[in-house]
């Protein structure tokens, strides 16, 4: 998972899981059923942040390599090639900048979630990623979750069933219920504060996304202006080429007329010389 948006969603999911775990511990202090899921989520978040850092470094290196052309490139690159290279560099720069801007927020959320995890699991708990590795390495068929039945040795009283909280499926597993059912043990103030925090973070993310889209739009407009200027230059070059071509055509026609006139004059000179020679011969012979 190397998408910043997906990592932020995963961090929000971990927050909800920690909140559910806190609610479960308030009801049963020995309940550690959420520990393995939270550990796996932490492992995914850590790997995602590491892959983002590698991707950012790779994009920066690719942008630096693409930004420095060989010395002879200035003489053989055309305007179109230069424009394509500029677009490629801008795309790499924007992608690397977006990832770099998201990394501090992800690191901050990861540290906060780690502190919440240790506060719930206890000071002697291991790192979530190491705990998830131990759980996955020690997993075997005998350790799988046993099947559950729908009846209970201590069924709820009829009064509790009548006046209790409504559910679509009363026999559903509590772990598969929605967030609204898991948040039943929290006060309204806590739920409102948590929802306000989530909405504020989402607003901040949307603001940053809007700013990024605005910057990309500005860059696109600049690139469009640059392309228009290149098109204007190409049109001027085309017009100048047409003018030179028309001038060359006129010069060619003029040279053709001069050559034709010179050929005609040469024939007239030869005829005149022959007439003079003939006249001289007639005069000498008489």
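Annotations
For every residue, the table says whether it meets (1) in a helix (DSSP H, G or I); (2) surrounded by 10 or more Cβ atoms within 10 Å (Cβ to Cβ); (3) touching a helix residue (DSSP H, G or I) at 6+ places or on another chain (Cβ under 8 Å); (4) modelled with pLDDT of 90 or more.
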site	(1), (2), (3), (4)
202	yes, yes, no, no
205	yes, yes, yes, no
229	yes, yes, no, yes
232	yes, yes, no, yes
237	yes, yes, no, yes
249	yes, yes, no, yes
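- Taking the range 1-19 as the range and being closer than 24 Å to residue 196 by Cβ and modelled with pLDDT under 80 as the test, the residues that pass are 4, 5, 6.
The values are calculated or read from the model by the stated rules, or taken from the named source; none is laboratory data. As the structure is a prediction and not an experimental result, all values here were calculated from the model. Counting neighbours? That spans all protein chains shown, and the Cβs are built from the backbone with ideal geometry, glycine included.
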